[in-house]
Amino acid sequence: MPLEGRGSEYSRTRAAIEWSVAQAMRGGWAPRLLKRVGLQPRVVTCEHRIHCARWPREAPPLRIGFVSDLHAGPTTHPSLHREAIDALKAAKPDVLLLGGDFVFLRARYFDALETLLAELAPPLGGFAVMGNHDLWADDRHITRGIERAGFEVLVNENRPLPAPFAHVSVCGLDDPWVGSPDVAATFAGARDVRVLLMHAPEGLLKLGDTPFDLAMCGHTHGGHIALPGGIPIVSAGPLSKTYVAGLYDIGGRPLVVSRGIGATESPLRLFADPDVRIVTFGQ
């Protein structure tokens, strides 16, 4: 597979693997078979309530919706995307964050997601970052589609939310694996309460002790194929086996990790059900 985006670390081995998967999974037969025989898991909604010490007393709590790793392509059944969108609509978040890896193999697979994402229309807007698979594909094509769906892509930059949450900034860090993360630019001029959006837990390696009030990421797939209890067999990075899925305390800084929705090389998931995350954030 040729490198079409701005991502780095795209080796000949990775290109050969992706070409092989594209040929083997052509037409999306594997996820269709898994669904037909009842081996496709359902999307679950995981809710968290997180206290913020710097939250103004007069401000109501902020309801954040988060979904990551949709991985549109031949290894993910489209019904999983429909389930994820319906779950987010039912949760009625104030703001929606998208954690990247919208596609697997080709940017054109995003086109099927654009209409679905446009259904969400959160009242305070939506923001996205790119994942490693997006940056290996044509991230410009994906970005244009995300913007048409009503979301803003953040690349080492932040945006304040409107009232009554003007004290909150959403800060989007570029992918720590294959992008060009710039921590200083990401937080420059941010408001008092900082919600960090990044693709992978490995962004923490770039952040060091940089303060934030809440971080959200995906990338891990919860191990994708895990042992009972959600113990990953293979990790997708040095921190992805430590921060697999759920809520973690990083020295007083909360981190929420999603298992994501879709698949890459293997359409089969075991003990790592796809999820959307809903966070009630404030006092």
**Q.** Cα-Cα pairs of segment 204-252 separated by more than 11 Å (percent)
**A.** 69 percent
Q) Taking a temperature of 10 °C and a viscosity of 1.306 mPa s, what whole-number D in µm²/s does Stokes-Einstein yield for segment 36-116 with Rh from Kirkwood over alpha carbon pairs? A) 108 µm²/s
Q | Positive-end extreme of charge dipole, the chain - chosen from G262, A53, L105 (charges on Cβ) | A | G262
(Q) Using the Cα centre of segment 12-282 as origin and beta-carbon charges of +1 (Lys, Arg) and -1 (Asp, Glu), tell me which of P176, I64, G282 is placed farthest towards the positive end of the dipole. (A) I64
**Q.** Chain lengthening between L268 and R26 when straightened (0.36 nm per residue, less Cα-Cα)
**A.** 85.5 nm
Q: For the chain, find the longest principal axis of its Cα atoms and tell me its angle to the long axis of helix 78-91, 0 to 90°, nearest 10.
A: 20 degrees
Q) What net charge do the residues around T115 carry, taking every other residue with its C-beta under 12 Å from that of T115, with Lys and Arg at +1 and Asp and Glu at -1? A) -1
Q) Considering only DSSP beta bridges whose two residues both sit in segment 12-282, what percent are antiparallel, to the nearest 5? A) 35 percent
Q) How large is ³J(HN,Hα), in whole Hz, for each residue of segment 103-112 in order, when computed from phi with the Karplus curve 6.51 cos²θ - 1.76 cosθ + 1.60 and θ = phi - 60°, using x for Gly and Pro? A) 10, 10, 5, 10, 5, 4, 5, 5, 3, 6
Q: Grab the other residues whose beta carbon is less than 12 angstrom from that of I278, score K and R as +1, D and E as -1, and report the net.
A: +2
Q. Relative to the Cα centre, what is the charge dipole magnitude of segment 12-282, using +1 at the beta carbon of each Lys and Arg, -1 at the beta carbon of each Asp and Glu, and rounding to the nearest 20 debye?
A. 580 debye
Q) In debye to the nearest 20, how big a dipole does segment 11-56 give about its Cα centre with +1 on each Lys and Arg Cβ and -1 on each Asp and Glu Cβ? A) 80 debye
(Q) If you scale each eigenvalue of the Cα gyration tensor by 5 and take the root, what three semi-axes come out for segment 132-225, rounded to whole angstrom and sorted largest first? (A) 22, 18, 13
Q.
Among 8-18, 70-80, 216-226, how do they line up by average Cβ neighbours within 10 Å per residue, starting with the highest?
A. 216-226, 70-80, 8-18
Q. Considering only the other residues whose Cβ falls under 13 Å of the Cβ of V168, what net charge follows from Lys and Arg at +1 and Asp and Glu at -1?
A. +2
Q | Highest-first arrangement of 27-38, 262-273, where packing means the average Cβ count within 10 Å | A | 262-273, 27-38
Q: Would you calculate a helix-derived [θ] at 222 nm for the chain, using -39,500 (n - 2.57) for each DSSP H run of n ≥ 4 and dividing by the full residue count, to the nearest 500?
A: -6500 deg cm²/dmol
**Q.** Coarse-grained scattering of segment 150-283 at q = 0.14 Å⁻¹, given as base-10 log I(q)/I(0) from a Debye sum over alpha-carbon atoms
**A.** -0.64
Q.
Need the list of lysines near K206 for cross-linking: C-alpha distance under 21 angstrom, and skip anything on the same chain fewer than eight residues off.
A. K241
Q | Options (i) 55, 36, 36; (ii) 60, 45, 37; (iii) 55, 53, 30 - which one matches Cα extents along the principal axes in Å as calculated here | A | (i)
Q: For segment 16-146, give the magnitude of the charge dipole about the Cα centre (Cβ charges: +1 Lys/Arg, -1 Asp/Glu; no others), in debye to the nearest 20.
A: 320 debye
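Every number here is computed from the coordinates shown, using simple stated rules; none is lab data. Note that the coordinates shown come from a computational prediction; the quantities given were computed from them, not determined experimentally. Note that we place each Cβ from the backbone using ideal geometry, even for glycine, and neighbour counts take in every protein chain shown.
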